[in-house]
Amino acid sequence: MEVEFYRDSDVAFEAFKAGEFDIYIEHQAKNWANGYNFPAMRRGDVIKAQIPHQIPTPSQGLFMNTRRPTFADVKVREALG
């Protein structure tokens with residue numbers, strides 16, 4: 001087994017598409033939706049599959065203290081969102 005490390009996920013995805021390695025775990029919804037239209041995929045050499053798991057999904061969000069004058073303005077909150 002050989003392990004290669006890519007610091008840039010875009011470079012890693014391009015290497016996967018070129019056949020440089022066999023398994024790629026997708027972390028970007030944009031790639032999952034639009035990035036899998038390449039020759040190996042069309043030939044059936046690459047299988048795109050969602051593997052279910054029981055691990056809680058992390059979430060991300062902005063939490064603003066609306067009691068502070070800066071964040072009390074709706075337009076400021078909309079702009080940050």
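If you check E4, E78 for being of a type in the set (D, E), free of Cβ contacts under 8 Å to residues at least 24 places away in the same chain and in a loop (DSSP other than H, G, I, E, B), only one passes: E4. Residue check: A15 meets all listed conditions (1) modelled with pLDDT of 90 or more; (2) in contact with a helix residue (DSSP H, G or I) (Cβ under 8 Å, 6 or more places away or on another chain); (3) in a helix (DSSP H, G or I) but one, namely (2). In the stretch 24-42, is there at least one residue being in a loop (DSSP other than H, G, I, E, B), over 30 Å from A79 (Cα atoms) and among the small types (G, A, S)? No, there is no match, as no residue in the stretch 24-42 is in a loop (DSSP other than H, G, I, E, B), over 30 Å from A79 (Cα atoms) and among the small types (G, A, S). Applying the criterion of being in contact with a helix residue (DSSP H, G or I) (Cβ under 9 Å, 6 or more places away or on another chain), of a type outside the set (A, V, I, L, M) and farther than 17 Å from H27 by Cβ to the residues of the stretch 50-72, the residue that is surrounded by the most Cβ atoms within 10 Å (Cβ to Cβ) is F71.
What do you reckon, is V46 on the phi < 0 side of the Ramachandran plot and exposed (fewer than 12 other Cβ atoms within 10 Å of the Cβ)? It is false that V46 is on the phi < 0 side of the Ramachandran plot and exposed (fewer than 12 other Cβ atoms within 10 Å of the Cβ). Within the stretch 27-42, if we keep just the residues that are at pLDDT 90 or above and not aromatic (F, W, Y), the residue that is surrounded by the most Cβ atoms within 10 Å (Cβ to Cβ) turns out to be G35. Among the residues of the stretch 43-75, those that are part of a helix (DSSP H, G or I) and either at pLDDT below 90 or over 30 Å from V11 (Cα atoms) (or both) comprise P69, T70, F71, A72, V74, K75.
The values are calculated or read from the model by the stated rules, or taken from the named source; none is laboratory data. If you're wondering where the values come from, they're calculated on a predicted model, not measured in any experiment. We place every Cβ from the backbone using ideal geometry, glycine too, and count neighbours over all the protein chains shown.
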